[in-house]
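Contents: one structure, followed by commentary.
Read-outs: derived from the displayed coordinates by stated rules, not from any lab. Only a predicted model underlies this, so the values are computations on that prediction, with no experimental measurement involved. Backbone-built Cβ (ideal geometry, glycine too); neighbour counts: all protein chains shown.
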Amino acid sequence: MVHLSSAWLLGGPLGLFLMVPVLMAPTPSSLCTPLKTLNDSLSYRKRYMKHNFPINYGIRVHYEEIFKLSNISWMRVNVEGLDELTLQRLWFQVNQGILKKLIRVMPERHPSRRYTAELETRLRDAEGVFVLAHPAEVFQQELPESVQDIWDQLTEEPEKVSSWRYATPKSLMDNLCRTMHCLFSECFTTEAQHDYCDRSHWRKGKKNVNTKS
């Protein structure tokens, strides 16, 4: 599992400063509507994913489910045969798993359960549009080895997983939101041409619609 661990542990500076071109897959216009709808819901993530949980509360997730901008940067540089469509598929796989786990750990009357179920539904709706927007054979192609390793880890039975991490619900939703903007930037780019894949963009403290509390 060398590919897997190195991609997740070394994801930061290398990817950000040694970025090289990859095969870009234009985002189908039909996908932007459900992604923007999901983004609207994510704008309330601070309220539902931070304030409604104990301080520093964490849920157990796969090591690979802590999927950040730095992971995308590293993979773009270091994974041979990687294209944007593969990254987008991985994004859906990772985040569907996270949302299902969040719902599973919440009691029926938890104040954030309905909100989380809404996110999961909206993500599933976007994934349906994503699949329909591409030829079926695209999803039958062999994945790069290191991506297949990640995919296999995500679908392992819990008792077989060798590496778990604990992460706060808010941090997981921050990752979901930021990587969505990075991988589907055509749906969110404004005239200012923000680089959503650059971590510094998210540190500027600008008032964006996706940081509403």
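What the table shows:
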read-out	value
Estimated vicinal HN-Hα couplings, Hz - the stretch 35-46 in sequence order (Karplus 6.51, -1.76, 1.60; Gly, Pro = x)	5, 5, 5, 4, 4, 4, 5, 5, 5, 9, 5, 5
Neighbour-count ranking [beta-carbon atoms within 10 angstrom, fewest first] of 41, 112, 185	185, 41, 112
Order of 114, 104 under a 10 Å beta carbon neighbour criterion, fewest first	104, 114
Kirkwood Rh in Å, taken over the stretch 116-179 so that all alpha-carbon pairs contribute	14.6
The stretch 51-134: projected area of the alpha-carbon convex hull, averaged over directions, in nm²	6.8
For 149, 40, order by how many other beta-carbon atoms lie within 10 Å, fewest first	40, 149
Listed peptides 128-139, 76-87, 167-178 by packing density, highest first (mean Cβ within 10 Å)	167-178, 76-87, 128-139
